[in-house]
Amino acid sequence: MLPSFDMGIASMSAILKRNGHRVNYFSYDSWEASKALFTRINLFNPLVVGLSVTASTFNSAVKVAKQIKMKFPKITIIMGGVHPTIFPECIYVSQSIDAICLGEGEYVLLDFIRNLKKNDGSHVKTIGFWVRNKRNKIIKNPTPTTLIDVNTLPIPDRSIFLDESILKFPREYYHNRFGLEFIFSRGCPFECTYCSNHALKKFYGPRFVRFKSPRQAIKEIRYVMKHYRYDYFRFHDDTFTVNSRWLSAFLNEYSKIKVPFQCNIRADLCNKELFKKMKNVGCEEVLIGVESGDDEIRMKMLNKRISTSVFKQAFSWAKEVGLKTTAFVLIGLPDETPKKFINTIKFLSEVEADELFLYVYYPYPGTKLYSYCLSKGYLNTNSNQINVLERKDTILTMPEFSRQDILYYYNNFSYLVDLAKNIKNRKKKLGKVYNRLIFFLATQPPSSKSYLLSKAVLKFIDLVIPTAIFSISLVLKV
């Protein structure tokens, strides 16, 4: 559904091709793509069309499925991804969905296609699928056994994405260099309430977190280096530094490659010596999920139990050894208020990350925070029908943090962080007072009574103060 590289799809494609099946990938990034999709289907003549969906793209995926079903009624349409895995009941929404794939699809999809080709109806009993039979009844098959040894998987098939010209990661992450993405692990051991990992952990069981061996990871990297253009790598594992023994062995092998890379880390799973070693073997940037600069929101609401001091230390260590830092932040979290988000702005002005990415919180069905939103009445049961652009708008209705306020801070985020930095960097007392005044006025939310007055004062200051300073300067010169 989205024009981006997907490791899961690449891995399934590799398994299917190894077993003699043809695979084609289509990037459906707008409604205007429908005509091109139908042309592709006509040319490729597939037995199955699979749609990889998230909670926020599910409704759009249903529309696409209906369009395909109308024009190609004999094609079997499967939906897979995190959302169908956590919430397989979504199959009841539309008769255009023939099956839901539960969990990792490499081998269960292969079984499903083999059974479907028999043309005897045996596919409806494929383990790892909820399937709609000819009488429109949903057959709920058992969940598949978790694949423990991920080293048995072939190297992911990147060629299908290269055909769509979307193999490289979005260039804003790579500073206009040609970056390729790798994932060497599956699962995350932490249970942050906003993330789907804790829900997936229940699905997969105690062996949810799995790693390819360092040797297998290096083998994949060398294969990609031989077959694709690259300037830069991104190791997109949820938490690249979570397994210290694995990481040490990997970095020792990677020292022979030394291609620049970036990776995701947790602030409480790093130290200065580790950063030095990573820097020496090619790491240029670490990406850190801050989520919120407000301790109560981060530690209690999100269950991300990392203190402010630990975050500050991690950013400081990275800066000391010469690593760039990127901070990921959320806005519009349950029980968040304008005051609490201003705490986030102040926090970010102190850690001074090189790049900031702000996303609007989206409640994923099956997560603890989704259930909390429902219990508090923040999320209408029909709100998943609202068309929003995930991470750029909110579907929550909260009494103390309105959509209007959330979008105000979202749209002015960089400006507000810069204002907070100006306060910290001013050495003279009068300058600090002046910047605090500007920051106070600029951070008043649109829902506040003082908002219009604040905007008027800001406009007055913007027009009058520079002129006054210029005039005083001329007088002093004379």
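The values are calculated or read from the model by the stated rules, or taken from the named source; none is laboratory data. As the structure is a prediction and not an experimental result, all values here were calculated from the model. No Cβ is skipped: glycine too gets one built from the backbone with ideal geometry, and neighbour counts run over all protein chains shown.
Please verify whether segment 57-64 includes one or more residues that are in contact with a Pro (Cβ under 9 Å, 6 or more places away or on another chain) and either on the phi > 0 side of the Ramachandran plot or not assigned by TED's automatic domain parsing to the domain that holds residue 379 (or both). Don't jump to the end; show me each part of the working.
Filtering segment 57-64 for residues in contact with a Pro (Cβ under 9 Å, 6 or more places away or on another chain) gives 58.
Within this subset, residues satisfying the condition of being either on the phi > 0 side of the Ramachandran plot or not assigned by TED's automatic domain parsing to the domain that holds residue 379 (or both) are 58.
Checked against the condition, which is being in contact with a Pro (Cβ under 9 Å, 6 or more places away or on another chain) and either on the phi > 0 side of the Ramachandran plot or not assigned by TED's automatic domain parsing to the domain that holds residue 379 (or both), segment 57-64 yields at least one hit.
The number of residues in segment 191-215 being within 18 Å of residue 266 (Cα to Cα), among the hydrophobic types (A, V, I, L, M, F, W, C) and surrounded by fewer than 19 Cβ atoms within 10 Å (Cβ to Cβ) comes to 1.
Close Cβ contacts (under 7 Å, 6 or more residues apart or on different chains) running from residues in segment 306-332 that are within 13 Å of residue 348 (Cα to Cα) to residues that are of a type in the set (S, T, N, Q) and part of a helix (DSSP H, G or I) comprise 329/344. Scanning segment 2-55 for residues that are free of Cβ contacts under 8 Å to residues at least 40 places away in the same chain and either on the phi > 0 side of the Ramachandran plot or part of a loop (DSSP other than H, G, I, E, B) (or both) yields 20, 22, 28, 29, 30, 45, 46. Out of the residues in segment 301-348 that are in a helix (DSSP H, G or I) and among the hydroxyl-bearing types (Ser, Thr, Tyr), which is surrounded by the most Cβ atoms within 10 Å (Cβ to Cβ)? The residue in question is 344. Could you please find all residues in segment 253-290 being under 19 Å from residue 361 (Cα atoms) and in contact with a Cys (Cβ under 8 Å, 6 or more places away or on another chain)? Listed by number, the list holds a single entry, 287.
Hey, any hits in segment 224-241 for a residue that's surrounded by fewer than 16 Cβ atoms within 10 Å (Cβ to Cβ) and of a type in the set (S, T, N, Q)? Write out each step before concluding.
To start, the set of residues in segment 224-241 that are surrounded by fewer than 16 Cβ atoms within 10 Å (Cβ to Cβ) comprises 225-229, 231.
Next, from what is left, pick out any that are of a type in the set (S, T, N, Q): none.
There is no residue in segment 224-241 that is surrounded by fewer than 16 Cβ atoms within 10 Å (Cβ to Cβ) and of a type in the set (S, T, N, Q).
Of the residues 435, 425, 412, 384, only one is modelled with pLDDT of 90 or more and either touching a strand residue (DSSP E or B) at 6+ places or on another chain (Cβ under 9 Å) or not hydrophobic (A, V, I, L, M, F, W, C) (or both); which?
Among 435, 425, 412, 384, only 412 is modelled with pLDDT of 90 or more and either touching a strand residue (DSSP E or B) at 6+ places or on another chain (Cβ under 9 Å) or not hydrophobic (A, V, I, L, M, F, W, C) (or both).
Give the residues of segment 1-39 that are surrounded by 15 or more Cβ atoms within 10 Å (Cβ to Cβ) and closer than 19 Å to residue 96 by Cβ, sorted by residue number. 1, 26, 28, 33, 34, 37, listed by residue number.
Can residue 104 be described as closer than 29 Å to residue 224 by Cβ and of a type in the set (D, E, K, R)? Reasoning before the result, please.
On the way: closer than 29 Å to residue 224 by Cβ: yes; of a type in the set (D, E, K, R): yes.
It is true that residue 104 is closer than 29 Å to residue 224 by Cβ and of a type in the set (D, E, K, R).
Selection over segment 74-93 of residues that are of a type outside the set (A, V, I, L, M) and either in a loop (DSSP other than H, G, I, E, B) or outside the structural domain of residue 45 (by TED's automatic domain parsing) (or both) gives a count of 3.
Taken together, the residues in segment 123-162 that are of a type in the set (Gly, Ala, Ser) and not assigned by TED's automatic domain parsing to the domain that holds residue 103 amount to 1. Restricting attention to segment 290-300, the residues that are surrounded by 22 or more Cβ atoms within 10 Å (Cβ to Cβ) and more than 16 Å from residue 325 (Cβ to Cβ) add up to 4.
Going by what's in this entry, would residue 33 be described as of a type in the set (Gly, Ala, Ser) and under 21 Å from the mean Cα position of the chain (by Cα)?
Answer is no for this residue.
Condition first: within 20 Å of residue 341 (Cβ to Cβ), assigned by TED's automatic domain parsing to the domain that holds residue 352 and either surrounded by fewer than 20 Cβ atoms within 10 Å (Cβ to Cβ) or out of contact with any Ser or Thr (no Cβ under 8 Å at 6 or more places or on another chain) (or both). Can you find one or more residues in segment 271-289 that meet it? The answer is yes; a qualifying residue exists. Every condition in (1) over 23 Å from residue 198 (Cα atoms); (2) touching a helix residue (DSSP H, G or I) at 6+ places or on another chain (Cβ under 7 Å); (3) not in a helix (DSSP H, G or I); (4) not hydrophobic (A, V, I, L, M, F, W, C) is met by residue 103 except one, and the failing one is (1).
Which count do you get for residues in segment 60-71 that are farther than 16 Å from residue 32 by Cα, in contact (Cβ under 8 Å) with a residue 24 or more places away in the chain and surrounded by fewer than 16 Cβ atoms within 10 Å (Cβ to Cβ)? Count: 1. Residues in segment 107-121 that are modelled with pLDDT of 95 or more and either part of a loop (DSSP other than H, G, I, E, B) or in contact with a helix residue (DSSP H, G or I) (Cβ under 6 Å, 6 or more places away or on another chain) (or both): 109, 110, 112, 115, 116.
What do you reckon, is residue 327 more than 26 Å from residue 377 (Cβ to Cβ), in contact with a Cys (Cβ under 7 Å, 6 or more places away or on another chain) and at pLDDT 95 or above? Talk me through it step by step, then tell me what you get.
Values: more than 26 Å from residue 377 (Cβ to Cβ): yes; in contact with a Cys (Cβ under 7 Å, 6 or more places away or on another chain): no; at pLDDT 95 or above: yes.
No; evaluated as a whole, the condition is false for this residue.
Is it true that residue 268 is in contact with a helix residue (DSSP H, G or I) (Cβ under 8 Å, 6 or more places away or on another chain), closer than 21 Å to residue 6 by Cα, of a type outside the set (A, V, I, L, M, F, W, C) and without any contact (Cβ under 8 Å) to a residue 60 or more places away in the chain? If you could, list the steps in order and put the result at the bottom.
Numbers: in contact with a helix residue (DSSP H, G or I) (Cβ under 8 Å, 6 or more places away or on another chain): yes; closer than 21 Å to residue 6 by Cα: no; of a type outside the set (A, V, I, L, M, F, W, C): yes; without any contact (Cβ under 8 Å) to a residue 60 or more places away in the chain: yes.
No: the conditions fail for residue 268.
Filter segment 275-293 for residues that are part of a loop (DSSP other than H, G, I, E, B) and under 16 Å from residue 356 (Cβ atoms) and give the result. Don't jump to the end; show me each part of the working.
The first filter runs over segment 275-293 and keeps only residues part of a loop (DSSP other than H, G, I, E, B), leaving 281-282, 292-293.
Correct list: 292, 293.
The set of residues in segment 240-258 being more than 15 Å from residue 225 (Cβ to Cβ) and assigned to a helix (DSSP H, G or I) consists of 244, 245, 246, 247, 248, 249, 250, 251, 252.
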